[in-house]
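S.K.: I am attaching a structure below and will ask some questions about it afterwards.
The values are calculated or read from the model by the stated rules, or taken from the named source; none is laboratory data. From a predicted model like this one, the values you see are computed outputs, not experimental measurements. As a convention, Cβ positions derive from the backbone with ideal geometry for all residues, glycine included, and neighbour counts pool all protein chains shown. Ligands, DNA and RNA are stripped out before the accessible areas are found, and what is left, the full protein with its side chains, is counted by its heavy atoms. Shrake-Rupley method; radii C 1.70, N 1.55, O 1.52, S 1.80 Å.
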Amino acid sequence: SCMTKHFNKYSILLVGRITGGVATSMLFSCFECWMVSEHMQRNGFSGSLLGYMFGLMYTVMYCVAIVSGLAGQFVVDAAPFGPVSEGSSFHMGGKCAPFDLAIVCLVIGMVLILALFEENYGNAEDADGQSATMMDNIRSGVRLLRSDRRALLLGIVVSAFEGSMYAFVFNWTPALHSETTPPPHGVIFALFMMACMCGSSAATLIAEWVKPTMRLSLTFAAGFLAFAMSTYAALGGSEEHLRVSFAAFMLFEFCVGVYFPSVGVLKSDIVPEEVRGTVYNLYRVPLNAIVVGLLLSDISMATCFKLNALFLLAALASVVSMGPPTDFDKHSLGEGGEKAVGEQMPMSVANSKDSCTTSTSKRRAAHANGGDQV
């Protein structure tokens, strides 16, 4: 996917977008499913520690993203963009350089995964003990969405918020465009990632007192405010409104930082292990439809921000409709909001594993067709 960015041929770039879509789907499903199964099933760690693990994971990820943004800006400025030879369709330097740097990072990640990750298929058998096929997994995932109201509402939450997030990704660059002072996109991206890191750290710090559904409700309300400010700035159309746009974007990126560790805990609670990977990818179908619809429709930037704000209102209504805390919230938070992690870790882990096993058994009885391979 990164290599295709060097060519100015549409067909090659289209292949790059297809492979990039596959990679994005794997990024937001396989790794999270692997970690949840490794944490809860294989190692039997306390459920209350899962939220901390999500917060730590995203905090470290955003730290790396900050460095990546600064490094990307450096390599963009280091060499001019242009064809390798006159008339060649292959280009080097400029805004292609960060993709070359990304290839190096991806190769390092591949080596680390091969060396350090143990294979984890989750629960890869159906109720009869047979290995489930891909169509079995899809049917089980659709059956879950039809029968479990909370799983369906969670799908609306994921599609609405992340669809708005990807639409924002395509619009923040033209929204901050300035004729007088060309914006340093790498530095701005690094600042966005700093806001995300602050949001992820905040979600981890308040996880002991505020359950995931409440954190998400506050996040969606703040995100709605951010897009309302962005709409006002886009309608203004003058360079004086760039500061308003930038402040709104920083607020939204803070919301993104709070969102991912919070929704990760919520998804691990609601979606059964047997169909986790399949359902996570089913959630991405309406998400991609939202993004494609916003990009293909010939609407102004202000209208796009208005629609993003409406999507966040839909996400807010959905998360509020999920109702009271689930058993997972009660296991994660003890009396008065204290974590249910005992002073003796082995006993806490054993208790959590028993409760997790009981919860999983109940879900298997309710959704007796499964077998999702991660």
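S.K.: Which residues, counting only those in region 63-102, are open to solvent by 50 Å² or more (accessible area, probe 1.4 Å) and in a helix (DSSP H, G or I)?
M.R.: Cys63, Val64, Val67, Ser68, Leu70, Phe74, Asp77, Ala78, Lys95, Phe99, Leu101 - these are the residues of region 63-102 that are open to solvent by 50 Å² or more (accessible area, probe 1.4 Å) and in a helix (DSSP H, G or I).
S.K.: A follow-up question, please. Kindly provide the set of residues from region 230-284 that are modelled with pLDDT of 90 or more, under 26 Å from His39 (Cβ atoms) and small (Gly, Ala, Ser), ordered by number.
M.R.: Gly257, Ser262
Every residue, every condition in (1) crowded, with 21+ Cβ neighbours inside 10 Å; (2) among the aliphatic types (A, V, I, L, M), yes or no:
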position: Ala248; (1), (2): yes, yes
position: Tyr280; (1), (2): yes, no
position: Ser297; (1), (2): no, no
position: Phe305; (1), (2): yes, no
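S.K.: Here's something else I'd like to know. In region 22-42, how many are touching a residue at least 40 places away in the same chain (Cβ under 8 Å) and either open to solvent by 10 Å² or more (accessible area, probe 1.4 Å) or of a type in the set (Asp, Glu) (or both)?
M.R.: Here is the first cut: in region 22-42, the residues touching a residue at least 40 places away in the same chain (Cβ under 8 Å) are 25, 28-30, 32-34, 36-38, 40-42.
Among the residues that remain, those that are also either open to solvent by 10 Å² or more (accessible area, probe 1.4 Å) or of a type in the set (Asp, Glu) (or both) are: 25, 28, 30, 32, 34, 38, 40-42.
Selection size over region 22-42: 9.
S.K.: Kindly indicate the residue of region 173-199 that is part of a helix (DSSP H, G or I), at pLDDT below 90 and not hydrophobic (A, V, I, L, M, F, W, C) and also surrounded by the most Cβ atoms within 10 Å (Cβ to Cβ) among those meeting that condition.
M.R.: That would be Gly186.
S.K.: What's the number of the condition Val107 fails, among (1) outside any loop (DSSP other than H, G, I, E, B); (2) surrounded by 14 or more Cβ atoms within 10 Å (Cβ to Cβ)?
M.R.: (2)
S.K.: Can you work out which of the residues in region 218-246 that are in contact with a Phe, Trp or Tyr (Cβ under 6 Å, 6 or more places away or on another chain) and over 14 Å from Thr173 (Cα atoms) is surrounded by the most Cβ atoms within 10 Å (Cβ to Cβ)?
M.R.: Gly223
S.K.: How many residues are touching a helix residue (DSSP H, G or I) at 6+ places or on another chain (Cβ under 7 Å), modelled with pLDDT of 50 or more and either of a type in the set (Phe, Trp, Tyr) or in a helix (DSSP H, G or I) (or both) when one looks only at region 304-340?
M.R.: Counting residues in region 304-340 that are touching a helix residue (DSSP H, G or I) at 6+ places or on another chain (Cβ under 7 Å), modelled with pLDDT of 50 or more and either of a type in the set (Phe, Trp, Tyr) or in a helix (DSSP H, G or I) (or both) gives 16.
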